Amino acid sequence: MIKLPLKIELAGFNVDRETLRGLVSAAYDNGEAPPREAITPETLSAAYARISRNPSDIHDIRAKSRVEVEEARRSNEKIVFGLGHSSVAEHAVFNLDVTGISRLAVEAIQRHRLASFTEKSQRYIKLDGDVVIPPELITVGLAEEFRELIVEQNKTYRVIEAKLFDLYFPRFKADGGGRPKTRARGKAAEDARYVVSLATQSQFGMTVNARVLESMIRDALAHPLEELKEVGRQLRDQTHELAPSLIKYVESTDYEQSQFKRSCHWPDNDPGGNTQQAAVSLIDYSKDGEDNILTALIFHNEGCGWTEARTRANFLSTEARNSLIQRALQPNAAWDPAPREFELADFSFELMLSSAAFGQLKRHRISTQITGPYDVSLGWTTPESIEEAGMKEVFDEVLQRSAQFANRIADSGLNMKPVAPYALCNAHRRRVIFKANARELYHISRLREDIHSQWDIRNLATQMLQIASEKMPSLFVMATGKHHFADRRQRVFKEDVKETPS
């Protein structure tokens with residue numbers, strides 16, 4: 001049986017300040033250490049849960065929770081699970097190191113919105129060939145062929161990376177921008193990674209509260225992939241005993257299992273050819289979105305009800321409508337979000353994008369993302385630099401072979417369809433339904449249309465913003481990447497941009 005390289009370790013958690021002081025005093029001043037059971041985030045959750053009904057000062061409530069830990073735990077269980085006030089569990093926060101996890105499994109974990117992730121970037125770090133071999137492949141006798149495929153993918157990665165370095169280095173040396181070798185290595189790795197497998201190992205740091213963590217554990221345990229089940233087991237082992245009153249239900253239920261049975265699908269299609277661009281199409285949008293935003297701006301600023309505000313908005317001339325929107329946007333600097341009123345206009349897109357682009361899109365967790373399966377008939381995204389370097393034929397050959405082997409995995413056994421994407425590469429594609437409001441689209445534009453953004457996600461963002469701007473041009477008058485913000489502001493408002501914060 002293949003041993004998974006996955007390792008999850010508890011890196012930290014929040015505890016009461018006085019407990020921390022006691023630990024420091026014991027370590028450095030020969031003071032009395034707090035009891036072991038008090039070193040838990042549960043006492044803070046229990047104390048904050050009591051605020052709503054206990055007239056005592058919060059400091060006194062926290063002190064009582066620190067002393068009466070078992071009572072604090074009983075209180076948590078009653079309030080969180082008995083009365084259903086689950087937000088109490090959000091006061092307990094855990095930091096976890098996750099290493100030896102595949103890129104494919106990372107996607108499943110990071111679908112959880114209300115957690116924070118910082119992940120090893122394949123754009124900036126040269127890859128060394130470490131991969132996850134799915135244990136399921138042993139059962140169907142495909143493990144050795146999978147290893148051979150990985151060797152070919154990684155060999156091609158190194159060849160392409162060297163060719164791309166030779167392509168970029170003279171350009172960066174000539175442009176006078178400094179650090180030509182470093183920049184050339186970075187650009188070479190950024191595009192060469194498109195031939196690397198979704199089985200490639202990654203690592204990330206995660207900060208998550210107990211409420212989300214409990215759900216994450218159950219989801220992982222219900223997943224059909226053995227690697228994700230192991231994620232669930234290790235998350236549970238690292239945290240459950242530390243906060244049993246908050247992370248209580250840690251076995252998968254019929255509900256979670258049914259969700260994965262419904263979603264784990266592998267299209268029975270032949271591999272398609274390569275495609276250069278991400279594809280974006282508009283599914284739906286708020287036809288009255290601009291009216292909603294104008295109404296909300298009047299509602300917020302003039303103290304009238306929605307109906308009256310709507311009537312006023314309807315009587316505005318085109319010039320007055322544009323002026324009201326621009327006044328709402330004018331105070332913004334490049335790093336500021338659009339006004340909250342902009343959340344009242346929604347746009348839904350169907351995206352066809354590479355795994356590399358999806359790895360960045362998935363971080364926009366305020367949006368709604370419904371992912372379709374990886375589909376080899378959608379082809380793959382080929383970086384233009386690979387064509388320039390004369391490596392397209394080699395690249396296409398590996399992508400084609402990877403897609404064919406993924407189909408073989410899917411057909412090799414009753415429950416093997418979810419395993420198939422391990423064989424695919426960062427260039428292979430999937431469809432995603434992506435819904436975002438105008439405020440979030442402003443954020444995406446500022447971050448992803450910036451010149452420093454990776455080209456694949458930048459193409460995607462540009463297409464979405466072009467479509468949204470065509471539907472509501474006055475609304476997106478300031479939607480642009482950070483590097484263009486000063487010029488756009490000067491053109492729209494005839495004034496200079498503010499300095500960026502230090």
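No lab work stands behind these numbers, since they all come straight from the coordinates. What you see is a predicted model, and the numbers here were worked out from it, not measured in a lab. Every residue, glycine as well, gets a Cβ built from its backbone with ideal geometry; the counts of neighbours run over all protein chains shown.
Applying both filters, DSSP loop and at most 15 other Cβ atoms within 10 Å, to the chymotrypsin sites (Phe, Trp or Tyr not before Pro) of segment 344-415 eliminates every site.
For segment 64-155, trypsin sites (Lys or Arg not before Pro) are listed when DSSP marks them as loop and at most 12 other Cβ atoms sit within 10 Å of their Cβ; the list is 113. Length gained on full extension, residue 67 to residue 317: 83.4 nm, using 0.36 nm per residue less the C-alpha separation.
Using a cutoff of 8 angstrom between alpha carbon atoms and counting only pairs six or more residues apart, the relative contact order for segment 18-110 works out to 25 percent. Restricting the chymotrypsin sites (Phe, Trp or Tyr not before Pro) of segment 284-328 to loop positions (DSSP other than H, G, I, E, B) with no more than 10 neighbouring Cβ atoms within 10 Å leaves 315. Scanning residues 5 or more positions from residue 346 or on other chains, those with amide H under 5 Å from its amide H are 286, with H placed 1.01 Å from N in the peptide plane. Calculated translational diffusion coefficient of segment 408-502 (37 °C, 0.692 mPa s; Stokes-Einstein with Kirkwood radius over alpha-carbon pairs) equals 204 µm²/s.
Under the membrane-span-like helix rule (DSSP H runs whose alpha carbons stretch at least 30 Å along the helix axis, mean Kyte-Doolittle hydropathy 1.6 or higher), the chain yields none. Given that just one value was derived from the coordinates, which of (1) 204; (2) 152; (3) 260 is volume of the Cα convex hull per residue in Å³? The listed entry that was calculated here is (1). Exposed loop positions in the chain were taken to be GluC sites (Glu not before Pro) whose DSSP state is not H, G, I, E or B and which have at most 12 other beta-carbon atoms within 10 angstrom. Between these positions, the longest stretch is 252-494.
Full extension of the chain segment joining residue 113 with residue 86 gains 8.1 nm, where the gain is 0.36 nm per residue of separation less the Cα-Cα distance. Residues 252, 45, ranked from the fewest to the most other C-beta atoms within 10 Å, line up as 252, 45. Averaging Cα coordinates gives a centre for segment 1-32 and one for segment 81-148; these two points are 23 Å apart. Backbone phi angles across segment 361-370, fed through the Karplus curve with coefficients 6.51, -1.76 and 1.60 (θ = phi - 60°), yield HN-Hα couplings of 4, 4, 6, 7, 7, 6, 7, 9, 10, 10 Hz in residue order; Gly and Pro are listed as x.
Separation of the alpha carbons by more than 28 angstrom is noted, of 3/163; 435/482; 362/417; 248/435; 120/471, for 3/163; 248/435; 120/471.
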